[in-house]
Amino acid sequence: KFGGPPGVLQTMLGLMVAACSMAFCVGARGFALPALDAARPLHDHASRSQMHTSALHASRSRAATGCSSEGPPTSASWSCLSVGLLLAGAAGLQRRRTRAAPTTRRVTLAEIDSLVVEDLPKFWYPKVSITKARRFALVESIRAQLDKTFFLMAWNYFGFTASELKEAQLMFPTAVKARGLRNSLVRKAAEGTEWEEYVNSVKGQTIWVFVESDTDLKATIQAWIAVNKKFNRDEKTAQIYEKVADDMNSPLLAASGGIMRDEWNIIPYKDLPKYKDFPTKLELIAQIAGAVKQVPTKLAVCAKQLPQKTAIGIKKIVEKMEEEGKATVGDVTA
């Protein structure tokens, strides 16, 4: 057991907590350990022996009377402990404020003078909240994705559980992005582009499918057909539409069709299965090359037969001229 005077342990504990708290607040290098005058033992041998002797007599007397060897904590020790806890709380609050402080970036006068109107973001406001800034950043990322998209389609996930929805998204090719996005954000990103008409026609809770390459189009349509068949989307969507038909201006379908770059014609939902065998550009080039390869062969055959037929025709005309006594070809044809 600690043999010091009563309340020394509590005093030392309070001062240590206060010291740690101050170290957190002002940094370890700017911190000086306070003198523990109340708890520091004397350095001379005589004083140390005298303190141990008095402590021994005090412990014997308490043992004789049935009291604990440690006295109750004094008010000074409780005050030190309270101050330590208070400083610890202040240190934690200060660290939290430091983490939450906004980061600043230095801007030079030359950069400010060189700014023009084109340098401002599309969705620029003098003051903007963090939530709105994140929303604008998401819109810009969707717009960038649309710029490199070859085929876009959307299908609703009404009635899906969380596990079913995750399984359905994983059924699409890995190179295809199937994302659950708010329709309002996609509409904002599609403003002023060829995608706008199709995006505005999409309704409901939607999974947007971005296909960047024509080589993934067939696999994407086949994946959607598999999803539709496995989860019986047509029947479930029809059941949901019966319940909300009064609140909707257009029929609710399992998917909102699609649209292809360069053609920009909205593909109806019922025509989506036709694209499961859609040829890629390389396949089209191979077909055209095969057709062109056959053209010279046919021309050569025609050219080879032409002199023979011409000779036969001329011979017959001459024979007819001799029979009828005509002098020119015009007299024969007349």
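The values are calculated or read from the model by the stated rules, or taken from the named source; none is laboratory data. Nothing here was measured: the structure is a model prediction, and the numbers come from that model. Neighbour counts are summed over all protein chains in view; Cβ atoms, including those assigned to glycine, are modelled from backbone coordinates with ideal geometry. Surface accessibility is based on the protein's heavy atoms, side chains included, excluding ligands, DNA and RNA. Shrake-Rupley method; radii C 1.70, N 1.55, O 1.52, S 1.80 Å.
The residue of the range 150-206 that is most open to solvent (accessible area, probe 1.4 Å), among those that are polar (S, T, N, Q) and out of contact with any Gly (no Cβ under 9 Å at 6 or more places or on another chain), is Thr174.
The set of residues from the range 192-226 being out of contact with any Leu (no Cβ under 9 Å at 6 or more places or on another chain) and either on the phi > 0 side of the Ramachandran plot or without any contact (Cβ under 8 Å) to a residue 40 or more places away in the chain (or both) comprises Gly192, Glu196, Asn200. Restricting attention to the range 150-187, the residues being under 16 Å from the mean Cα position of the chain (by Cα) and more than 16 Å from Ser256 (Cα to Cα) number 8.
Determine whether the range 213-228 contains at least one residue that is of a type in the set (Val, Ile, Thr) and open to solvent by 30 Å² or more (accessible area, probe 1.4 Å). Yes; the residues of the range 213-228 include at least one that is of a type in the set (Val, Ile, Thr) and open to solvent by 30 Å² or more (accessible area, probe 1.4 Å). For the range 232-252, filtered to residues that are acidic (Asp, Glu) and exposed (fewer than 12 other Cβ atoms within 10 Å of the Cβ), the residue that is farthest from Met153 (Cα to Cα) is Asp246. Select from the range 253-266 the residues that are in a loop (DSSP other than H, G, I, E, B), within 14 Å of Ala154 (Cα to Cα) and either open to solvent by less than 30 Å² (accessible area, probe 1.4 Å) or not aliphatic (A, V, I, L, M) (or both) and list them in ascending order. Listed by number, the list holds a single entry, Ala254.
Residue-wise test of (1) within 24 Å of Tyr275 (Cα to Cα); (2) part of a loop (DSSP other than H, G, I, E, B); (3) not charged (D, E, K, R).
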position	(1), (2), (3)
Asp216	yes, no, no
Thr220	yes, no, yes
Ala223	yes, no, yes
Asn228	yes, no, yes
Asp234	yes, no, no
Thr237	yes, no, yes
Ile240	no, no, yes
Val244	no, no, yes
Pro251	yes, yes, yes
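Pairing residues of the range 262-285 that are free of Cβ contacts under 8 Å to residues at least 60 places away in the same chain and under 16 Å from Gln222 (Cα atoms) with residues that are open to solvent by 70 Å² or more (accessible area, probe 1.4 Å) and part of a loop (DSSP other than H, G, I, E, B), at Cβ distances under 9 Å and at least 6 apart in sequence or on separate chains, gives Tyr269/Leu253; Lys270/Leu253. Taking the criterion of being open to solvent by less than 90 Å² (accessible area, probe 1.4 Å) and within 15 Å of Lys188 (Cβ to Cβ), the residues of the range 115-127 that qualify are Pro121, Phe123. When Glu140 is tested against (1) open to solvent by less than 60 Å² (accessible area, probe 1.4 Å); (2) within 28 Å of Asp262 (Cβ to Cβ), exactly one condition is not met: (1). Determine, yes or no, whether Val209 is within 24 Å of Arg135 (Cβ to Cβ), at pLDDT 95 or above and either out of contact with any Lys or Arg (no Cβ under 8 Å at 6 or more places or on another chain) or not small (Gly, Ala, Ser) (or both). Yes, satisfied.
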